[in-house]
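The next block holds one structure in the form of structure tokens; read it before the comments.
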Amino acid sequence: MSEGRRTAATPTGAPAAGAVPASSSAARVGARSDAAATGAPPISAGALEAAVRRAVSAVCDPEYPEITIAELGILERVCASDDGSAVRIELVPTMLGCPALDVIASDVTAAARSACMGSDVSVDVVFVADPVWTPDRIAPGAVGFMAREYSVAVRRAQSAGAAPAATCPICGNDALEHRSDFGPTPCRSVEWCPSCRNPIEVVGRVDLPAAMGAAPASTAAMGTARARPVLA
């Protein structure tokens, strides 16, 4: 990933043009392609998976519009049915109940549908509870971009047994002082840098060791619902 400023693949904080609106339960957005009437030939499973993965990998996060959901570690899996009639996209939420999930689901659905090349394909977008999202899923380039452009640090895992640590994105001090578990968004905490004397927002709250997505008893606890099985 380039370390320079990049152009967002989708508009900031808004669904892509032609996106299917996400419902309030929006763990699953099911859609049939409007192109059924075109009589386009079916796509092979391999070609469908590759095309959809390319398209949804370019979807940007509403909170960080220059960073894709793939770079943030949100995109987990794309799989197609054997006959190429259905595709399922699995996403890992950064935080249970994150208000951006509806927007992400809508943008991913729109991107997937655009990649179906005129074929009648059923698209399912699902937020899964396993694996659990952690800041270590963020690509190194995205970590650097967040530090440089947003002054946001990322709490990364250290050696075995050591507590996750964050580095000040302004001066590079690695001895930040914890101030609050509650930052401007649910997934961020607030630290204080005694070196440059700046408050620092940190992705990865110290009060939630695995809670960025600790698996609930059911996906309904996430305010979402699992998609019905669609694959052979």
### Pair list, Cβ under 9 Å, 6 or more apart: the stretch 57-73 residue assigned by TED's automatic domain parsing to the domain that holds PRO140, other residue at pLDDT 95 or above and assigned to a loop (DSSP other than H, G, I, E, B)
none
### Message
Looking for something in contact with an Asp or Glu (Cβ under 9 Å, 6 or more places away or on another chain), crowded, with 20+ Cβ neighbours inside 10 Å and modelled with pLDDT of 50 or more - is there at least one such residue anywhere in the stretch 205-225?
### Response
yes
### Query
Out of GLU90, GLU76, which single residue is closer than 22 Å to PHE145 by Cα and either in contact (Cβ under 8 Å) with a residue 24 or more places away in the chain or not charged (D, E, K, R) (or both)?
GLU76
#### Entry: Options GLY73, GLY46; residue that is surrounded by fewer than 20 Cβ atoms within 10 Å (Cβ to Cβ), part of a loop (DSSP other than H, G, I, E, B) and not polar (S, T, N, Q)
GLY73
### Query
Among the listed residues ARG113, ARG148, which satisfies the condition of being basic (Lys, Arg) and over 19 Å from ALA58 (Cβ atoms)?
ARG148
### Task
Could you grab me the full set of residues in the stretch 182-197 that are at pLDDT 90 or above, out of contact with any Asp or Glu (no Cβ under 6 Å at 6 or more places or on another chain) and either at positive phi or of a type in the set (Ser, Thr, Tyr) (or both)?
SER195, ARG197
## Note on the structure
Considering the stretch 121-154, residues that are more than 26 Å from LEU48 (Cβ to Cβ) and acidic (Asp, Glu), and then whichever is nearest to the chain's Cα centre (by Cα), we arrive at ASP136
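The values are calculated or read from the model by the stated rules, or taken from the named source; none is laboratory data. The model shown is predicted, which means the values in this text are computed figures rather than measured ones. When we count neighbours, we look across all protein chains shown, and the Cβ atoms used for this are built from the backbone with ideal geometry, even at glycine.
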